Structures are given as structure tokens and as C-alpha cells.
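K.L.:
Got a structure for you, questions after.
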Number of protein chains: 2
Amino acid sequence: MPLPHPIPEDLAELVARRFRVLAEPMRIRLLDRLREGEATVGELSDALAASQQNASKHLAVLADAGMLGRRKDGNRVYYRIVDESVFALCEQVCDAAQQQLCALQELVEGVTA
Amino acid sequence: MPLPHPIPEDLAELVARRFRVLAEPMRIRLLDRLREGEATVGELSDALAASQQNASKHLAVLADAGMLGRRKDGNRVYYRIVDESVFALCEQVCDAAQQQLCALQELVEGVTA
DNA sequence: CATCTCCACAACTAAAGTGTTGTACAACGT
DNA sequence: ACGTTGTACAACACTTTAGTTGTGGAGATG
């Protein structure tokens, strides 16, 4: 689906807001950990060496953005990924970063050669 | 290219930092405007109703991230897109947002029906 | 040379976000 | 019934960031 051009201000804000959700390392790591399947807040905060409160807050952000789902089971709350598309985004970002690194390396080689 | 799992903290930070660059409406709009081709700081700040200084700062952020290129011609500085992949990212984000809206709409229809 | 235009840097203010601490509440086990 | 566990909320300090204002410097123009 092509983007409209010029992009309306509202849409620009919407897009930016979505990017902002992914603009925190802890949230990236939470998403990554959830690729293994749903997990509780405690499991996640343990796995990432984060405080329970901090993990909970970040999970809430991801859930509010519609990327995660919540499921309460007794005392615990299980979070799971509901928007698998975020991983495609992350991979694209990684690819772009890697391409940049390669370009830099070529430059360095060009200088030192 | 598949992402490593578990993701190293360093990579998580790198990815997050890259998302952060796109997490501002003004920068999204600057990128969008540059789809028409390279433009000077003045042209861009005029087109987006931004101050010259503000546009300049955001352009510097985008250029530092390797998304834009700079070209000086006499008195003016032309910026251009060098990393076309950012638009694929934006489109994916738009798609995800739209899918969410659709899901919400279906929910609403389900309630009101 | 004088002046004007275009751009970037620096300092400042205001706002937003992150992580911590303390706490409240619900569900579980004994 | 009581203490414990698991989660979320609120208040706080701290950091980061956006936007403005003021300014300096490079290049054009007269």
C-alpha cells in the first residue's frame, strides 16, 4: 500500500508514535523474548534483568500500541505477541544498519588500501 | 536475514536508536517531502512551516543516521535521500496501523449489530 | 567593501520519557 | 484468617529531546 503524498500531519504523527514505541531497547528485548512464546511479567523481568515495575510499564506500552496481548491466569499475567509484523520491521532496520556498516567498511578499506 | 535470538543488548540498542530517528513527525514529513527530490533547508522549512533552525537540526539527525545525504552548492545546502528503505518501513507501519483500525471497526460493528 | 541570504551552532525553556521507590490490590497457599 | 506472591499504580528524580532565540560564518550581490 503506497503512502499518500504529501503525507498529512496527522498520519505523520501516527507513524512517528508507532516508531516511538519501538525506540526503546528494553521493549525490543521484551519483544524478542516473547518470540519464544507467551510469558509472565515475572519471567520477563527475570530474563531481562529488569525490575518488575519497569517491565510492567514497558509491557503496558507495547500492549497499548496493539503489539502485545494480555491474558490473566490466576495470579499471573501472560503477555504474548499479537502483531507479528514488528519483527519484519526490526529485521529491516537491522539490514539497513548492516548495509551502512558495510559501506563504512568499504570506505575504510579504500582509504587504507 | 533472520535476527539473532536472544538479541544482544548492543543490537537492541542499535535497533532502538534507529527507530528513534523515525519517531518524530517532523522528520517523517521531511523524508516525505524529499521523495520529490533533493531540496534545500529553506525549501524544506518553508514547505513544512518550520523554522529554519528546527528543520536544520532534524535534517542533521537524519543525515547522521545515514538516511540523508548533503550537498553544498554555493550558499545553499541540498539534502537528498540516500536510504530508500525507510519508506518501506513507513509503509509497513502504516499498514499495521490500518489493520488495527480495521480490527477496531469490526469490534465496534460487532457490538452495535 | 558593505550588505544580504542561507545555513549551522549554542544556550535556554519546556515537555516527555525512563527507571526507581513505595504501595495497593487480587489471588494463592497454609 | 493470615502471610506470601504477582502485578499494576503513583510519585519522584533524572535524563533526553523538541522548539525557540540569538548569533556567527560562508557565500552571493551590489
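The values are calculated or read from the model by the stated rules, or taken from the named source; none is laboratory data. In this text the structure is predicted, and so the values were computed from the model without any measurement. Heads up, the Cβs are rebuilt from the backbone with ideal geometry, glycines too, and the neighbour counts pull from every protein chain shown.
K.L.:
Being of a type in the set (Gly, Ala, Ser), part of a loop (DSSP other than H, G, I, E, B) and either modelled with pLDDT under 95 or surrounded by 13 or more Cβ atoms within 10 Å (Cβ to Cβ) (or both) is the filter here, so list the residues in region B:55-77 that pass it.
P.N.:
B:ALA65, B:GLY66
K.L.:
If you check A:ARG80 against the conditions, is it at pLDDT 95 or above, among the charged types (D, E, K, R) and assigned to a helix (DSSP H, G or I)?
P.N.:
No, not satisfied.
K.L.:
Return a yes/no flag: does region B:95-102 have any residue that is at negative phi and touching a Lys or Arg at 6+ places or on another chain (Cβ under 9 Å).
P.N.:
So far as region B:95-102 goes, yes, one or more of its residues are at negative phi and touching a Lys or Arg at 6+ places or on another chain (Cβ under 9 Å).
K.L.:
I would also like to ask the following. Give just the number: which of (1) touching a helix residue (DSSP H, G or I) at 6+ places or on another chain (Cβ under 8 Å); (2) part of a helix (DSSP H, G or I); (3) within 16 Å of DNA strand C (Cβ to nearest atom) does A:ASP95 not satisfy?
P.N.:
Result: A:ASP95 passes all but (3).
K.L.:
I've got another one for you. Consider A:LEU14 carefully, then state whether it is closer than 23 Å to B:ARG27 by Cβ, surrounded by 13 or more Cβ atoms within 10 Å (Cβ to Cβ) and within 16 Å of DNA strand C (Cβ to nearest atom).
P.N.:
Considered against the rule, which asks whether it is closer than 23 Å to B:ARG27 by Cβ, surrounded by 13 or more Cβ atoms within 10 Å (Cβ to Cβ) and within 16 Å of DNA strand C (Cβ to nearest atom), A:LEU14 comes out as yes.
K.L.:
Among the candidates A:LEU44, A:LEU59, single out the residue that is more than 7 Å from DNA strand D (Cβ to nearest atom) and either within 30 Å of A:VAL15 (Cβ to Cβ) or within 14 Å of another protein chain (Cβ to nearest Cβ) (or both).
P.N.:
After ruling out the rest, the residue left standing is A:LEU44.
K.L.:
Follow-up. Step by step: first the residues of region B:41-57, then only those that are over 17 Å from the mean Cα position of the chain (by Cα) and more than 6 Å from DNA strand C (Cβ to nearest atom), then the one that is nearest to B:ASN75 (Cα to Cα). Which residue is that?
P.N.:
The residue in question is B:GLU43.
K.L.:
While we're on this one: Does B:ALA50 satisfy the condition of being part of a loop (DSSP other than H, G, I, E, B) and either within 16 Å of DNA strand D (Cβ to nearest atom) or farther than 19 Å from A:GLN98 by Cα (or both)?
P.N.:
For B:ALA50, the condition - part of a loop (DSSP other than H, G, I, E, B) and either within 16 Å of DNA strand D (Cβ to nearest atom) or farther than 19 Å from A:GLN98 by Cα (or both) - is met.
K.L.:
Shifting gears a bit: Based on this model, can you work out whether A:LEU22 counts as away from DNA strand D (no atom under 11 Å from the Cβ), more than 8 Å from chain B (Cβ to nearest Cβ) and surrounded by 13 or more Cβ atoms within 10 Å (Cβ to Cβ)?
P.N.:
No; evaluated as a whole, the condition is false for this residue.
K.L.:
Considering region B:25-40 alone, what residues qualify as being more than 9 Å from every other protein chain (Cβ to nearest Cβ) and either within 11 Å of DNA strand D (Cβ to nearest atom) or not in a helix (DSSP H, G or I) (or both)?
P.N.:
Correct list: B:LEU30, B:GLY37, B:GLU38, B:ALA39, B:THR40.
K.L.:
May I pose another question? Collect the residues in region B:62-82 that are within 13 Å of DNA strand D (Cβ to nearest atom) and of a type in the set (Gly, Ala, Ser), keeping them in residue-number order.
P.N.:
Once the filter is applied, which keeps residues that are within 13 Å of DNA strand D (Cβ to nearest atom) and of a type in the set (Gly, Ala, Ser), region B:62-82 yields B:ALA65, B:GLY74.
K.L.:
List the pairs whose first member sits in region A:94-111 and is closer than 13 Å to B:MET67 by Cα, whose second member is of a type outside the set (Ser, Thr, Tyr) and assigned to a helix (DSSP H, G or I), and whose Cβ atoms are under 8 Å apart, counting only residues at least 6 apart or on separate chains?
P.N.:
Pairs that qualify, where the first residue is closer than 13 Å to B:MET67 by Cα and the partner is of a type outside the set (Ser, Thr, Tyr) and assigned to a helix (DSSP H, G or I), are A:ALA96/B:ARG18; A:ALA96/B:VAL86; A:ALA97/B:LEU14; A:ALA97/B:VAL15; A:ALA97/B:ARG18.
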